[in-house]
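Below: the structure, in structure tokens.
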Amino acid sequence: MSLPSVLAAARPIDGGFTATIPADWMQGRTSYGGFSAALALAAAQGLADDLPPLRSATVNFVGPLAGEVTVRARVLRRGKNASWISAEVTGEAGVGLTATFVFMGPVEASTLHLHDVPMPSYAVPLDQAVPLPETAGPSFAPNFERRFAQPRSEVKMPEILWWERLRDVQGLDPMLALILLADALPPGVMPLTGPAPVSSMTWLVNLLTPLPETDDGWFLLQAKGNYAEKGCSSQDMAIWNTRGEAVAVGMQSIAVFG
């Protein structure tokens, strides 16, 4: 069941909606993080029709979410150029996710131009990338098409680099689709650990474009682990479109139980 279908079936409530997380969007005993974050963003977007583009999201994965959930958002502040909206997703076990979204319009007087997030030079081009097995990965994986973008190597590095796209984005807001996609990679440290239980704790995403655009829905996703000690790991993340333009960067804290 696609996110557009879930949102279409959602029941409106004050400040948000109630919805049911489908089994094919689960990751173990909880919802896939990108799906829960996308629900929170949808509630935030629903508070006003005139919000500027999303430019930053801070997400806390507090606890498991499954089955029917309640999604509510509230305005923290609306300024002349930027708006802050918080959102919360709760389920039977209590609060599962909290998020703060920053929406910001262009500052026409600014003359600063800096675009220093180059696509990895070693990335395998999309048309040469080998597809991942459709049966590989967690329960939510079949919602994506995935291709290996990292050249084969015997050296294990704390990095994962895949081309990915959503199978169903019909009628979905492009920014909502990007947030849904942005958390789809395994942790960057996974090549060092092999299969192991993991749990995302926090996630920060900065959007580098007011409108994500690419060809045929494909984006290049990168997760690079930079720290792991006693089960706590940290990673940098980035996303590029098919033209090599960076559309988002981020950081994530992940608990690794292995």
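Of all residues in the range 149-193, those satisfying the criterion of being over 15 Å from the mean Cα position of the chain (by Cα) and of a type in the set (Asp, Glu) are Glu154, Glu159, Asp168. Would you confirm, using the coordinates I've provided, whether Leu39 is closer than 20 Å to Leu178 by Cβ, modelled with pLDDT of 95 or more and either surrounded by 13 or more Cβ atoms within 10 Å (Cβ to Cβ) or among the aromatic types (Phe, Trp, Tyr) (or both)? So Leu39 passes the test. Counting residues in the range 9-20 that are among the aliphatic types (A, V, I, L, M) and under 22 Å from Met201 (Cα atoms) gives zero.
Among the residues of the range 239-252, just one is closer than 18 Å to Tyr122 by Cβ, assigned to a strand (DSSP E or B) and β-branched (Val, Ile, Thr), namely Ile239.
Okay, residues lined up against (1) in contact with a helix residue (DSSP H, G or I) (Cβ under 9 Å, 6 or more places away or on another chain); (2) under 17 Å from Pro191 (Cβ atoms); (3) part of a loop (DSSP other than H, G, I, E, B):
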position	(1), (2), (3)
Asn206	no, no, no
Glu213	yes, no, yes
Gly217	yes, no, yes
Gln222	no, yes, no
Gly225	yes, yes, no
Ala228	yes, yes, no
Ser234	no, yes, no
Met237	yes, yes, no
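Against the criterion of being part of a loop (DSSP other than H, G, I, E, B) and modelled with pLDDT of 95 or more, Leu185 qualifies.
The values are calculated or read from the model by the stated rules, or taken from the named source; none is laboratory data. All of these numbers come straight from a predicted model, not from anything done at the bench. Glycine also receives a Cβ, built like all others from the backbone with ideal geometry; neighbour counts cover every protein chain displayed.
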